[in-house]
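To start, the structure itself, in structure tokens.
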Amino acid sequence: MTTLLESDSAVQLKHYLGLVKKLRALGAQAELDLPRICVIGGQSSGKSSVVEAISGIHVPRDAGTCTRCPIECRLTNSSDPWVARVSIRTEYDSQGTRLNDIHEVSFGDDIVNAQDVELRLRQAQALVLSASRHPDKLEFLSKSADDLRNLTHATHQFSRNVVCIDISGPELANLDFVDLPGLIQNASTEIVSYIENMVSSHIQGNSLILIAIPMSDDIENQKAVQLAKLVDSDGTRTIGVLTKPDTITTGAVQAKRLWLDVIEGRRHPTKHGYFCTRQPDEDERVSGMSFQEAREVERNFFRSTGTWADSSQPGRFGTAKLIANLSRLLGDVIHKTIPSLDGEVSRQLETCRSQLSHLPPPISSDPPNYILNLITQLAYDCRMLVEGTSDPSLVQTTRKTFEWYQRVVRGTAPVFIPLPSAKDTGDKISSLDLELEDDPWDQEDTSSPRIYLQDVRQRIESSLTRELPHNVPYSAKVSYMQEFRSTWATRATDTFTHVGKAFDISLTTLIERHFGRFSNLRHAIMAHCHELLHTKADETTALLGALLKFEQLPFTVHGRELTVLKDKYLAKYKSFRSPSGRPVSASSTASVSDTPQPIGDVDHGLKPIPFVPSFTPISTSLGNTETVPGTTAPLNSDFVPTPPFVLGSSSVYASPLSEAQSQRPVSGKRKHNKGVLINDTASKQTLGSASPSTTPSLTPLVSSSTATYSASSSPATIPFGTAKSGAALDGHSGSAIASPWKATFSTVQPASKGSSSKPAWTSATQWTSESGESQISSEGAFGAFGSSNQAMPPKNGFLDLNGPGFNVTPPRVQTPQASEVFFPPNPSPFVSISKASSTPTPSLPERSRADDERELLAVLAKLGLSNVTLDDLGKLNAPDMYEEEMELMADVRAYFSVAYRRVTDYVPMAIDHSFLYAFAASLQTTLISKLGLGTKNGDVRCAAYLAEDESIVATRAELEGRKKRLEGVREELFVFHERS
């Protein structure tokens, strides 16, 4: 019958333990979780006795702590004679740092006598505890036990390095365990913590934990039990061995029952349970009791003690039972672990190689050339960074910064409001309403105060010195310009500071990438780069100061652009001051209004309008039999007039006003206006009594007629303008020609019969003065050509608006009252004229404002004014009492647009070229000079620069050592599998 030691499983365990031994010798336990048994316990817990009972050897024993470093015992069953070999595995240096190159070194010759093992272990432990970095092995091997006990100087109290003993021979179990220093309490906090940390590090992973628990003390007081629970809370790896059962007196029945409950699993249960052993006491050891005798005494003890002999778990008593279970449990763990080692080694080896690949390679060339290559690559990468080729992050940051600068400078634009004061605004006015369409700005201004017309007037008055009348002081404009650019320098500095910080961060990242492994060189490069940065920053700051100093005085050579912008803003401001807020007053439905839309005083460059009156009657009853003047058509018919004034391809007629509106008196003073103004007399006549002519001929333009038109109950619909009074402009009362000019007039009265003089026409031109009173000035409108009172017909069928008699000045106050005619920009050949009748007059479909504007621009283009835009029509507004103020507003606002575009271009350009590009261009030559490459002592300096950072060196060495160990483990696993 085969024994446990001779079974197939025992043979396989032996092979596995041999593999684990080789792997540990390579230091594989630092990377791999190799299974073993860790024996732990408190001081004087009987731990050493258990180790001796399992291994069959004597370990160092002294008063107090005897085990001061881990002692690894590797037992192998063999048919060969008993033999032991001691070796030392150094895993840590004198500072406690794990070494990269781990290997075991044999300590002395093989031991064939078990009695000699204790001294050899003492000598090996003394060498491990030595403070010398290179202790003499032969020196320690020659020391006696007494010499070793007297070693008190130049030694460490404890060490993590391992004393290994390999024992093989008959009657040995296949076991692998490590005896750890006993846990102590009566020592310094540092020593207590050091031992606890050492024990805790060994019992991690899949190691079996064998705890020596003396039965002379309560189990709850055992520190070793507490540590085991921290790493193995469910007790799946913990095995308890109860020691010193002979210390319980015969009468301590209750104590025996409590410990029996522990052994039989009723108290403090664990997966693998507890075993109870009895080892020789001090007297028996001194007497020289052998291991065989000790086992016989143990068996007799448990058979003769009633409490233990009566236990239901007899297999839990005795050292032999403990060893058999330890061997079985260790075999189970090893069988589960070894097959997975191949995959674990491959994974860790790949990780190690990857980490090594991310470290800089060792220096292979001479130091100066190596540094030159690094500098060249840094300069190239810096250039790519500035250009945004390799990494766009810096360029994207600077773009956002420059856009911010553009916004804040644009936000300083003066906010001119063409209203007298803030109280006249009514609803809040957005500054965006006064921006040009070709200069879009999508943000409401919040930084600049609003400036109103009264504010500008006060500024002008406070700046007056010796200027001629109606001359705005230049200093008033300059003061506004200085205000809006007062913060430009500060904002430019903020912009440069932000770009400088962003570049500094990016540059630091580049330096770390290229020189991070060389701490000395990195510090030198960083210092020289910052010095160059400060130099370029000072140059750029000076350049920005010079550029912004140019803005202290207004200047531009782009006069045409400035004039165009000024005209646009002036038109915008004038348009804003009109009641409709539009450059041209044109509605799809014209109605009589007491508040006309004035058109400005400009020379439109129009040709004389051809005068060709004729009418085409339409048979529609109006309820009377009068004839239409100049035709044979009855008066009681509606008609479509063929335009007497041809403006492009169409014209429009104005309709008569209501009686109430037509009877307003006109008187007073008239101011200059170049618009068309057609009136007849200075008397206060009503339109209802006008006598239009019946002669359609060109001369006289207006002759007598007995037909009288009364005002309609509702004003006629005129799509593009309003006629606020009837007029005999085409030989017919109540039909006025619409034109892009405004004029006030009363009826045209022919000369009385029998007069010897030719007909003469006078005009009563009505405006409203600044005081609000209606004033009139009588003067020849068509007539009074020279000193003659004769009627002068149009020349060649045209009314010459620029000819004699048309000497009308524009009004200063833009509030005309009654009797005004508006001539729309989009005439229509169809006008519905109605007589006082119960029959309503049908009106034509309404037209949109956009249609009117398009047709007006088309007409102007046909007349040669192809460059006119809707914004330009604001210039047609009549002069304003705040004309000077709006001129200043337009001047300042236009100059801001010019200066704003200029400064928001050259500030970013200066930062880009004087700082970023200039730094990148100077970097390589500066570093070569500062580092002394090519100088006499350049080689020595470069060698010092290339001294690698200690952490990099240590990391590389650690990875190289790990790689070496893992490759050795992989080789051992390959050989093991080949032999299996």
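Structure notes:
- Scan of the stretch 219-252 for residues that are in contact (Cβ under 8 Å) with a residue 12 or more places away in the chain and assigned to a helix (DSSP H, G or I), ordered by number: Ile219, Lys223, Ala224, Val225, Leu227, Ala228, Leu230, Val231, Pro245, Asp246, Thr247
- Counting the residues of the stretch 910-932 that are within 17 Å of Met526 (Cβ to Cβ) and surrounded by fewer than 19 Cβ atoms within 10 Å (Cβ to Cβ) gives 7.
- Meets criteria (assigned to a helix (DSSP H, G or I) and open to solvent by less than 50 Å² (accessible area, probe 1.4 Å)) for Ala947: no
- Flag if Thr249 is closer than 15 Å to Phe301 by Cβ and surrounded by fewer than 15 Cβ atoms within 10 Å (Cβ to Cβ): yes
- Some residue of the stretch 69-87 being over 30 Å from Arg278 (Cα atoms) and part of a strand (DSSP E or B): yes
- Residues of the stretch 337-357 classified as farther than 16 Å from Asp176 by Cα and either in contact (Cβ under 8 Å) with a residue 60 or more places away in the chain or charged (D, E, K, R) (or both), total: 13
- When the criteria are applied in full, Ala255 meets the requirement of being modelled with pLDDT under 90, among the aliphatic types (A, V, I, L, M), within 21 Å of Pro269 (Cα to Cα) and not in a loop (DSSP other than H, G, I, E, B).
- Residue list for the stretch 223-271, filter: touching an Asp or Glu at 6+ places or on another chain (Cβ under 8 Å) and under 20 Å from Ala324 (Cα atoms): Thr238, Lys271
- Residue count for the stretch 183-203 satisfying the condition of being modelled with pLDDT of 90 or more and in a loop (DSSP other than H, G, I, E, B): 1.
- Residues in the stretch 103-126 that are surrounded by 20 or more Cβ atoms within 10 Å (Cβ to Cβ), of a type in the set (A, V, I, L, M, F, W, C) and in contact with a helix residue (DSSP H, G or I) (Cβ under 7 Å, 6 or more places away or on another chain): Phe107, Ile111, Ala126.
- Residues that are surrounded by fewer than 17 Cβ atoms within 10 Å (Cβ to Cβ), part of a loop (DSSP other than H, G, I, E, B) and in contact with a helix residue (DSSP H, G or I) (Cβ under 7 Å, 6 or more places away or on another chain) occur in the stretch 131-151; there is at least one.
- Scope the stretch 860-911; condition under 45 Å from the mean Cα position of the chain (by Cα) and small (Gly, Ala, Ser); matching residues: Gly874, Ala890, Ala894, Ser897, Ala899, Ala910
- Screening Asp261 against (1) in a helix (DSSP H, G or I); (2) under 20 Å from Phe317 (Cα atoms); (3) in contact (Cβ under 8 Å) with a residue 24 or more places away in the chain leaves a single unmet condition, (3).
- As for the stretch 22-38, it holds at least one residue that is among the β-branched types (Val, Ile, Thr) and modelled with pLDDT of 85 or more.
- Test: Glu972 is part of a helix (DSSP H, G or I), open to solvent by less than 60 Å² (accessible area, probe 1.4 Å), acidic (Asp, Glu) and outside the structural domain of Ala476 (by the TED database): yes
- Residues in the stretch 271-289 that are of a type in the set (Gly, Ala, Ser) and open to solvent by less than 40 Å² (accessible area, probe 1.4 Å): Gly273 alone.
- Scanning the stretch 310-366 for residues that are over 24 Å from Val241 (Cα atoms), open to solvent by 70 Å² or more (accessible area, probe 1.4 Å) and part of a helix (DSSP H, G or I) returns Lys336, Pro339, Arg347, Glu350, Arg353, Gln355, Ser357.
The values are calculated or read from the model by the stated rules, or taken from the named source; none is laboratory data. The structure displayed is predicted, hence computed values, not measured ones. FYI the Cβ positions are ideal-geometry reconstructions off the backbone, even for glycines, and counts take in every protein chain you see. The area values use the complete protein model at the heavy-atom level, side chains included, leaving out ligands, DNA and RNA. Shrake-Rupley method; radii C 1.70, N 1.55, O 1.52, S 1.80 Å.
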